[in-house]
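> I have a structure I would like to understand better, so I am pasting it below and will then ask my questions one at a time.
Since every read-out is calculated from the coordinates, none of them should be taken as a lab result. Bear in mind the structure is a predicted one, so any value in this text is a computation, not a measurement. Cβ placement follows ideal geometry from the backbone for every residue including glycine, while neighbour counts extend to all protein chains displayed.
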Amino acid sequence: MKVTFIEHVPFEGPGSMADWFESKGFELAHCKLFEGDRLPLPEESDWLVVMGGPMGIADEADYSWLKEEKACIRSFIEAGKIVLGICLGAQLIADVLGADVTPGEHKEIGWHPLFAQEGLEETCLKEVLPEVFPAFHWHGDTFAIPAGAQHILASRACAHQGFVYEDRVFAFQFHLETTPQSASLLVQNAGEDLLDEGRFIQSEKLILSEENPFSEINRLMGALLDKIYEQ
């Protein structure tokens, strides 16, 4: 089995997911678009994981690979592969499936709880995700729920935090893969976002506090991947 991670910037990698895939014996491939890597073909990988980044899904003039990346995601979905998108990756999946991606009412950065929605009960993740649980966030845009997908999660700042399509395409606006190291990289490389005023933007000190539930969210990320893998 092989998983390919599409990475848009050097400071948003797979985090705790890498350990999970290695524990299952997957071959790990990294498509680093910021280094000009070629996008994978569906026959070259069993899973596609699309990571986050500070760009928007419409920024094709500045990031010429976005158009090709959307075609890549579409080809994996049409080939029946497992596709997982995190943050920007989730927005790209939404766009590929025909849903709008727009600026959110609030920027959401830091630790904020997620709340299960009715659509969760129609998916393979229903036995994994609690009704309320913590998650890490770093986003300003949001997506509509594509036709045929189940709306599974919301937060106080963002009504559409996740959806599942055909129980094999998973879009998460939030981050459960974040480790103390990857959170530090985000603060180092995108810390200007913390200067914005907003009720859902936390300080660097609060974001990086050792009291935050990094281990808890990483365990939940592993449980989600277990369920997807087992079905």
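> Need the full-extension length gain, residue 100 to residue 195, defined as separation in residues times 0.36 nm minus the C-alpha distance. One decimal, nm.
31.4 nm
> Positive end of the dipole of the chain, charges at C-beta (+1 Lys, Arg; -1 Asp, Glu), about the Cα centre: which of 85, 130, 75 has its Cα farthest in that direction?
130
> Just how large is the dipole of region 150-231 about the Cα centre, in debye to the nearest 20, putting +1 at every Lys and Arg Cβ and -1 at every Asp and Glu Cβ?
200 debye
> I would also like to ask the following. Take the cross-link list 32/227; 32/70; 126/227; 70/126; 32/107; 32/205 and give me the ones stretching past 18 Å between alpha-carbons.
Going by Cα-Cα distance, 32/227; 70/126; 32/107; 32/205 fall outside the 18 Å limit.
> Taking the Cα centre of region 2-230 as the origin, how large is its charge dipole in debye, to the nearest 20, when only Lys and Arg (+1) and Asp and Glu (-1) carry charge on their Cβ atoms?
160 debye
> Can you tell which of 157, 111, 213 lies farthest toward the positive end of the dipole of the chain, using +1 and -1 charges on the Cβ of basic and acidic side chains (Lys, Arg; Asp, Glu)?
213
> On a C-alpha basis, how far is the centre of region 190-231 from the centre of region 92-138 in Å? Whole number, if you could?
13 Å
> Whole-Hz Karplus ³J(HN,Hα) for region 160-166, in order, using 6.51 cos²θ - 1.76 cosθ + 1.60 and θ = phi - 60°, x for Gly and Pro?
Listing the rounded values in order: 10, 9, x, 8, 10, 10, 6 Hz.
> List every residue whose amide H lies under 5 Å from the amide H of residue 6, counting only residues 5 or more places away in sequence or on a different chain, with H placed 1.01 Å from N in the peptide plane.
When sequence neighbours closer than 5 places are left aside, the close amide H contacts are 31, 49, 50, 51.
> Charges on Cβ only, +1 for Lys and Arg, -1 for Asp and Glu, centred on the Cα centroid of the chain; of 181, 48, 144, which one is farthest towards the dipole's positive end?
48
> Further question: Starting with the fewest neighbours, write out 226, 193 ranked by other beta-carbon atoms found within 10 Å of each beta-carbon.
Numbers: 226 13, 193 17.
Ordered by Cβ neighbours within 10 Å, fewest first: 226, 193.
> How high is the relative contact order of the chain, in percent, counting Cα pairs under 8 Å that sit 6 or more residues apart?
Working: 465 pairs, mean separation 46.3, N = 231.
Computed over the chain, the figure is 20 percent.
> Under a point spin-label approximation (7 Å from Cα along Cα-to-Cβ), what is the residue 154-residue 216 distance to one decimal in nm?
2.2 nm
> Another question, if that's okay. Taking R0 as 22 Å, what's the FRET efficiency between residue 70 and residue 38 from their Cβ-Cβ distance, rounded to 0.05?
The pair residue 70/residue 38 has a calculated efficiency of 0.90.
> Counting only DSSP beta bridges with both residues in the chain, what percent are antiparallel, rounded to the nearest 5?
Antiparallel bridges make up about 55 percent of those DSSP assigns within the chain.
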